[in-house]
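One structure is given below, encoded as structure tokens.
Nothing in this text is a laboratory measurement; each read-out follows from the coordinates by a stated rule. Note that the coordinates shown come from a computational prediction; the quantities given were computed from them, not determined experimentally. Cβ placement follows ideal geometry from the backbone for every residue including glycine, while neighbour counts extend to all protein chains displayed.
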Amino acid sequence: MANKKLTLALFSGSVDKLTAAGVILGGAAAEDMDVDIFVLLQAAFAFKKENAMVNDRVSEITDKKDEFLASLKRLNTPHWTEAFRTAKEMTNVKIHICGFAGKVWHGEKPDDFIDLADDICGIGEYMTSAEEADINLFI
Amino acid sequence: MNTEELTALTVDKSVDARGTSCPGPLLAAKKAIGQIEKGQVMEVLSADEGTRRDIPKWCTKKGYEYLGTLEEAGFYKIFLKK
């Protein structure tokens, strides 16, 4: 039987939502789902090599940012990049950078982004993949 | 299985995931299940409340047998058979 498929339109470049995406990816990995992630606009900023590990922006409950980030450390929560990497190691996860988003942040080649990125693609590829998915999420 | 039966089980593989939060214990179980043979028993130690619900559902989806959970001081022992 073919694996179930999850597509994720990842728009957010903030660590709170990226961490949540990492948790969901963990669940998908545990169930051997195939995953296609499309990195859109602000998420492409977070995937840039120079930003991934230093970006600590949060998009929700911003007045509690310090408490939130401290709690992630207290709970031994892996950095979102590590959560994504673990999922890639455990199941079939492909990460596609939206070509437009890449250009917005001056990244035109996969090498401009962290090594989790597999390629740069257009929206048509996302639409085709999402049509075939069992679960489609936007974060 | 009841508490006595779970306590008496011979465990072939023990996974201590008490230092991680969701989805850490589930992923630890996923990694470890590949290290045991069909018919062998694994226990997952988790202090994460969600794991006690996740593991039985995961077992059902993946074709493993969920045997039961023991509640210890501050953590759970979750048993399954591959």
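The table below lists the values:
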read-out	value
Local net charge near B:Glu65, Cβ-Cβ under 10 Å (Lys/Arg +1, Asp/Glu -1)	+2
Fraction of antiparallel bridges per DSSP, segment B:3-81 only, in percent to nearest 5	75 percent
Computed E for A:Glu82/B:Lys81 - FRET, C-beta separation, R0 41 angstrom, nearest 0.05	0.85
Neighbour-limited loop hits for GluC sites (Glu not before Pro), chain B (at most 14 other Cβ within 10 Å; DSSP other than H, G, I, E, B)	B:Glu37, B:Glu49, B:Glu72
Most mobile of A:Ala30, A:Ala21, A:Ala87 in a GNM of chain A (Cα contacts under 10 Å)	A:Ala30
With at most 15 neighbouring Cβ atoms within 10 Å, loop trypsin sites (Lys or Arg not before Pro) (DSSP) excluded, longest segment of chain A	A:50-139
Part-to-part distance (alpha-carbon centres) for segment A:62-134 and segment B:1-64, which is given in Å	29 Å
Computed FRET value (nearest 0.05) for B:Ala73 with A:Val104, which takes r as the C-beta separation and R₀ as 45 Å	0.30
Highest-MSF residue in chain B out of B:Leu45, B:Leu27, B:Leu67 [GNM, Cα springs under 10 Å]	B:Leu27
Residue of A:Val35, A:Val104, A:Val23 that the Gaussian network model of chain A assigns the largest fluctuation, springs spanning Cα pairs under 10 Å	A:Val104
Charged-residue dipole, Cβ positions (Lys, Arg, Asp, Glu), the protein assembly as shown about Cα centre, Debye nearest 20	140 debye
Kirkwood Rh and Cα Rg combined as Rg over Rh, evaluated for segment B:3-81	0.92
Cα point-scatterer Debye curve for segment A:5-138, base-10 log of I(q)/I(0) at q = 0.10, 0.14 Å⁻¹	-0.30, -0.59
Rg(Cα)/(2.2 N^0.38 Å) for segment A:97-139, N = residue count	1.27
Share, in percent, of DSSP beta bridges within the protein assembly as shown that are antiparallel, nearest 5	35 percent
Computed E for A:Ile135/A:Lys73 - FRET, C-beta separation, R0 45 angstrom, nearest 0.05	0.90
Spatially proximal lysines relative to A:Lys73 (Cα-Cα < 29 Å; intrachain offsets below 8 disregarded)	A:Lys17, A:Lys48, A:Lys49, A:Lys64, A:Lys65, A:Lys88, A:Lys94, B:Lys13, B:Lys30, B:Lys31, B:Lys57, B:Lys77
